[in-house]
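The values are calculated or read from the model by the stated rules, or taken from the named source; none is laboratory data. As the structure is a prediction and not an experimental result, all values here were calculated from the model. Positions of Cβ are generated from backbone atoms using ideal geometry, with glycine treated the same way; all protein chains shown enter the neighbour counts. Accessible surface is based on the protein model in full, side chains and every heavy atom, while ligands, DNA and RNA are left aside. Shrake-Rupley method; radii C 1.70, N 1.55, O 1.52, S 1.80 Å.
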Amino acid sequence: MSIHDDLPRHLVRAYSDTSDTRDELRRLRERLADAALAEGILDVAYRTVDSPVGPLLLAATEHGLVRVAYLVEDHDAVLQALAERISPRILHAPARLDATALQLEEYFAGTRHTFDLPLDWRLSAGFRATVLHQLPDIGYGHTASYAAVAALAGNPKAVRAVGTACATNPLPDVVPCHRVVRSDGSMGGYLGGIEAKRTLLTLEAAA
């Protein structure tokens, strides 16, 4: 899915021939999003924000934030997956994600230590969902081992499953899988890349 997939192709071609393509497309998307919202057919809204760990894709349903994605995950592929798993009625509609964008900005500035956002957990299920629900209990600036999280989730032997849950976390940063590390204190893997994990842990340690 490209950034133009929510626009009729003939309009994309028409606007692509003008010098103010970007502004025209933005205004058109805004009108489409407003109309979809008014008609109750905006199932998934998305936007991107800049951050110290690179551009983040944010997506939300009417129930709450459903996806945060790093650039390395391929934003177009993430949007396509959301269209397939949740609804094809997906549009670039930044307003629905204003609160998320603000809280992430505060978090990266070091002034917010917890998130207060409605979350849509539908992309997680079973033991993975159980694991992810434990992660906010790891306090800001602290870490926990995969083994400790497995115990908190009710299955001390499921250390590998905890790693899988963290690696497939649909809401990184907001649901802090970056605070889960190996028992020897080393960082372990991270879906956004080791440098992103190091950046987040350093940010929290410095606050």
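For segment 156-168, the criterion of a residue being farther than 19 Å from residue 204 by Cα and touching a His at 6+ places or on another chain (Cβ under 8 Å) is satisfied by no position. If only residues of segment 69-87 that are part of a helix (DSSP H, G or I) and more than 13 Å from residue 170 (Cα to Cα) are counted, the one that is least open to solvent (accessible area, probe 1.4 Å) is 83. Among the residues of segment 97-110, those identified as open to solvent by 30 Å² or more (accessible area, probe 1.4 Å) and farther than 22 Å from residue 137 by Cβ are 98, 99, 102, 105, 109.
Here residue 164 passes the criteria (1) crowded, with 18+ Cβ neighbours inside 10 Å; (2) assigned to a helix (DSSP H, G or I) except the one numbered (1). Checked against (1) assigned to a helix (DSSP H, G or I); (2) in contact (Cβ under 8 Å) with a residue 12 or more places away in the chain; (3) open to solvent by 50 Å² or more (accessible area, probe 1.4 Å), residue 113 passes all but a single condition, namely (1). Residue 172 meets the conditions (1) open to solvent by less than 10 Å² (accessible area, probe 1.4 Å); (2) part of a helix (DSSP H, G or I) in every case but one. The failed one is (2).
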